[in-house]
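K.L.:
Input: one structure, supplied below.
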Amino acid sequence: MELKIIGGCIIVVCGFLFGNYYAGRLKKRCAMLQSFISAVVRLQNTIAFTAAPVQELYEELAQEDDDAGQFFARLCASKWLQKVPEKAWNKTLLECTALLKEDKEILRQMGQMLGGSDCDSQINQLALCRTQLEQQLDSARSVASSNMKLARGLGVFGGIFVVLVLL
């Protein structure tokens, strides 16, 4: 009987941890989108005032301690960056597991555009990208605020349900 109680507690805790993991992913998506919006603003300002090459922009952004900084650090470390920058960008973008397909598509388009045209066109494209990312962030925040408690609750109640079915 004691083993059943201990096993049931373990199952409920695992359900809670799974719900907490999902809630953490929702929160992580919001943080990543906010980080990328900040990176886009820094890119706009740097391009507007210095017209630096794209490789220098990536290296500068890689120095940051946020999620976008980690993305650009992995991008700079990619062996494909010098040969095929678009491939390096897309491979690095695949590693951002907290982002949704729509978020990645916006960032993929941004990666294709960087370094491919004059400064004014890049600034305009970055402004568009920023607007799209801000819309995604608003959507992510509303989803996170409504679904984080739900995910945790479903994890716990799912664990309790499994325990009841097994008993």
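The values are calculated or read from the model by the stated rules, or taken from the named source; none is laboratory data. Remember, predicted model here, so these are calculated numbers, not experimental data. Counting neighbours? That spans all protein chains shown, and the Cβs are built from the backbone with ideal geometry, glycine included. Just so you know, the surface numbers come from the protein's heavy atoms only, side chains and all, with ligands and any DNA or RNA stripped out. Shrake-Rupley method; radii C 1.70, N 1.55, O 1.52, S 1.80 Å.
K.L.:
Name the one entry in ILE11, ILE5 that is open to solvent by 80 Å² or more (accessible area, probe 1.4 Å), closer than 30 Å to LYS149 by Cβ and among the β-branched types (Val, Ile, Thr).
P.N.:
ILE5
To keep it simple, each residue is scored yes or no on (1) over 19 Å from PHE72 (Cα atoms); (2) not β-branched (Val, Ile, Thr).
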site	(1), (2)
MET110	no, yes
ARG130	no, yes
LEU133	no, yes
LEU137	yes, yes
ALA144	yes, yes
ILE160	yes, no
VAL163	yes, no
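K.L.:
Which condition from (1) under 15 Å from VAL40 (Cβ atoms); (2) in contact (Cβ under 8 Å) with a residue 24 or more places away in the chain; (3) among the charged types (D, E, K, R) is the one that GLU86 breaks?
P.N.:
(1)
Residues are listed down the side, and each one gets a yes or a no for (1) at pLDDT below 90; (2) open to solvent by less than 80 Å² (accessible area, probe 1.4 Å):
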site: LYS91; (1), (2): yes, no
site: GLU95; (1), (2): yes, no
site: ASP118; (1), (2): yes, no
site: LEU128; (1), (2): no, no
site: GLN136; (1), (2): no, yes
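K.L.:
Can PRO85 be described as at pLDDT below 80 and buried (at least 20 other Cβ atoms within 10 Å of the Cβ)? Lay out the reasoning, then the answer.
P.N.:
On the way: at pLDDT below 80: yes; buried (at least 20 other Cβ atoms within 10 Å of the Cβ): yes.
Yes; evaluated as a whole, the condition is true for this residue.
K.L.:
Looking only at the stretch 88-118, count every residue that is within 14 Å of the chain's Cα centre (by Cα) and of a type in the set (Ser, Thr, Tyr) and tell me the total.
P.N.:
Counting residues in the stretch 88-118 that are within 14 Å of the chain's Cα centre (by Cα) and of a type in the set (Ser, Thr, Tyr) gives 2.
K.L.:
Quick one: which of GLN122, GLN34, GLN109 is open to solvent by 80 Å² or more (accessible area, probe 1.4 Å) and farther than 30 Å from ILE160 by Cα?
P.N.:
GLN109
K.L.:
So, one more: Please specify each residue of the stretch 106-119 satisfying the condition of being in contact with a helix residue (DSSP H, G or I) (Cβ under 9 Å, 6 or more places away or on another chain) and without any contact (Cβ under 8 Å) to a residue 60 or more places away in the chain.
P.N.:
Listed by number, the residues that qualify are ILE106, ARG108, GLN109, GLY111, GLN112, MET113, GLY116, SER117.
K.L.:
I want to confirm something. Restricting to the stretch 14-27 and keeping residues that are open to solvent by less than 90 Å² (accessible area, probe 1.4 Å) and not small (Gly, Ala, Ser), which single residue is farthest from MET148 (Cα to Cα)?
P.N.:
So the residue we want is CYS14.
K.L.:
In addition: So, in the stretch 105-117, how many residues would count as being of a type outside the set (Val, Ile, Thr), part of a helix (DSSP H, G or I) and either in contact with an Asp or Glu (Cβ under 7 Å, 6 or more places away or on another chain) or under 20 Å from LEU57 (Cα atoms) (or both)?
P.N.:
Qualifying residue count, the stretch 105-117: 7.
K.L.:
While we're on this one: Among the residues of the stretch 45-52, are any open to solvent by 30 Å² or more (accessible area, probe 1.4 Å), at positive phi and of a type in the set (A, V, I, L, M, F, W, C)?
P.N.:
There is at least one residue in the stretch 45-52 that is open to solvent by 30 Å² or more (accessible area, probe 1.4 Å), at positive phi and of a type in the set (A, V, I, L, M, F, W, C).
K.L.:
Working only within the stretch 57-72, note down all residues that are surrounded by 15 or more Cβ atoms within 10 Å (Cβ to Cβ) and more than 25 Å from ALA140 (Cα to Cα).
P.N.:
Of everything in the stretch 57-72, those that are surrounded by 15 or more Cβ atoms within 10 Å (Cβ to Cβ) and more than 25 Å from ALA140 (Cα to Cα) turn out to be LEU57, TYR58, GLU59, GLU60.
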